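The structure appears right after this line, and notes come after that.
The values are calculated or read from the model by the stated rules, or taken from the named source; none is laboratory data. As the structure is a computational prediction, the values presented were derived from the model and not from experiment. As a convention, Cβ positions derive from the backbone with ideal geometry for all residues, glycine included, and neighbour counts pool all protein chains shown. Areas reflect the complete protein model, heavy atoms only, side chains present, ligands, DNA and RNA absent. Shrake-Rupley method; radii C 1.70, N 1.55, O 1.52, S 1.80 Å.
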Amino acid sequence: MKRGFYTIMSAQFFSSLADNALFVTAVELLKTSGAGEWQRAALVPMFALFYVVLAPFVGAFADALPKGRVMFTSNAIKVVGCLMMLFGAHPLLAYAVVGLGAAAYSPAKYGILTELLPPSQLVKANGWIEGLTIASIILGILLGGLLVSEPVAMRVLAFDFPLLDTGIDSAPDAAIALLILVYALAAWFNTRIPHTGVEMRPLPRNVLELVPDFWTCNARLWRDKLGQISLATTTLFWGVSGNLRYIILAWSAVALGYGTTQASALTGVVALGTAVGAIAASMRMRLDMATSVMPLGIAMGVLVVLMNFIDNVWLAAPFLILLGALGGFLVVPMNALLQHRGHNLMGAGRSIAVQNFNEQACILGLGALYSLSTGLGVSAFGAITGFGLIVASVMWLIQRWHARNLVRHKDEVDHLLDVARHDKIHG
């Protein structure tokens, strides 16, 4: 790997670390303020909101400027969201602003991989960056749970600055203040990301022209016989995984009697398994083999339903590791294949924006459904059953869709797989 790749990994690690710690902190902030369960569940779709609303613009923005500068600006927006949460804005609104920064960050983070590396290294690069991202999720969730725990919070709040009243007087407030420093460290790494030499694509004078261009790119990727399969798979995976992050917090509270700190540790166990699966996929899978992993998605759905029968942490931990590992092995090759097809069809930034739009729209829709069902009294067990059945049945349909393509569009699929095997055709 080129040296710049490791700088990108470092920047991504610390930014994602802070994002996930902030999620746990926001859950605790809402909980201690007496907010309803539906508001805590709504944190997930609120984070996804700007991914969907700004999808036509963030990809073109990432293609118009050096990726390192885009990532630095996006981190600054996340800090603004933290400050809003710290100084009294509603946590749902403030977390949506953090989501705005993440929406702008993502096309640059993934888009630079296709600018920096050849296709033969995309699966490996995705495996490592996803593995590191998952590691940051584990550590971020654990860090958030640790920062809002009473022993740590009391130590942090004991610090006093002479002649300065910070207004920080609760565990969530102290956690948010510390997380701003983590975002600052990520921003420093952003300034060290090298230029790739790829020609920038300037924004049009009228940015509204990007809307029909975005929908054209979206349709182009959905028409591609490999792009449509990888896009459908990753959309479903992230739509469900994004919401499982909160559902496991709610499930562990009901099934195991855990508080926020303990439950956050259990959520990190899923991420640990995903990291193992992601790294294994990066070592064993090639780009042209990506579609062979689809049966793992069906198995994931079945395992999610089986969570309802677990009431012991000694069973829950290995079970959740297995669930995460299947997901990691599924998503890494599919994500790499999607990036490869998108780069060839429309450019890195735009293709990642299309991917984010579909995935975050799924998170937004499923998250809104879960928040609504929670408000109507549906239990965590019922939500888990519904999510598991959705994963298994939709993955089966996607698998049948690909099998149909192999029969009806055999020549086209064979050509696209051949393209995926050769570095020289990429870009």
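Residues that are open to solvent by 20 Å² or more (accessible area, probe 1.4 Å) and modelled with pLDDT under 85 within the range 345-363 comprise 345, 350, 360, listed in sequence order. Against the list (1) part of a helix (DSSP H, G or I); (2) out of contact with any Lys or Arg (no Cβ under 6 Å at 6 or more places or on another chain); (3) open to solvent by 10 Å² or more (accessible area, probe 1.4 Å); (4) not basic (Lys, Arg), the condition residue 311 fails is (1). The requirement of being open to solvent by 10 Å² or more (accessible area, probe 1.4 Å), in a helix (DSSP H, G or I) and modelled with pLDDT of 85 or more is not satisfied by residue 320. For the range 119-141, does any single residue satisfy the condition of being assigned to a helix (DSSP H, G or I) and either modelled with pLDDT of 85 or more or in contact with a strand residue (DSSP E or B) (Cβ under 8 Å, 6 or more places away or on another chain) (or both)? There is at least one residue in the range 119-141 that is assigned to a helix (DSSP H, G or I) and either modelled with pLDDT of 85 or more or in contact with a strand residue (DSSP E or B) (Cβ under 8 Å, 6 or more places away or on another chain) (or both). Residues of the range 27-42 that are modelled with pLDDT of 85 or more, buried (at least 24 other Cβ atoms within 10 Å of the Cβ) and closer than 16 Å to residue 247 by Cβ: 27, 42. Restricting attention to the range 323-358, the residues that are more than 24 Å from residue 285 (Cβ to Cβ) and part of a helix (DSSP H, G or I) total 5. Would you confirm whether or not the range 407-427 contains a residue that is in contact with a His (Cβ under 8 Å, 6 or more places away or on another chain), farther than 30 Å from residue 36 by Cβ, outside any helix (DSSP H, G or I) and not charged (D, E, K, R)? Yes: the range 407-427 contains one or more residues that are in contact with a His (Cβ under 8 Å, 6 or more places away or on another chain), farther than 30 Å from residue 36 by Cβ, outside any helix (DSSP H, G or I) and not charged (D, E, K, R). With a requirement of 3 or more residues that are open to solvent by 70 Å² or more (accessible area, probe 1.4 Å) and without any contact (Cβ under 8 Å) to a residue 40 or more places away in the chain, the helices (runs of 4 or more DSSP H) lying completely within the range 172-286 that satisfy it span 210-223.
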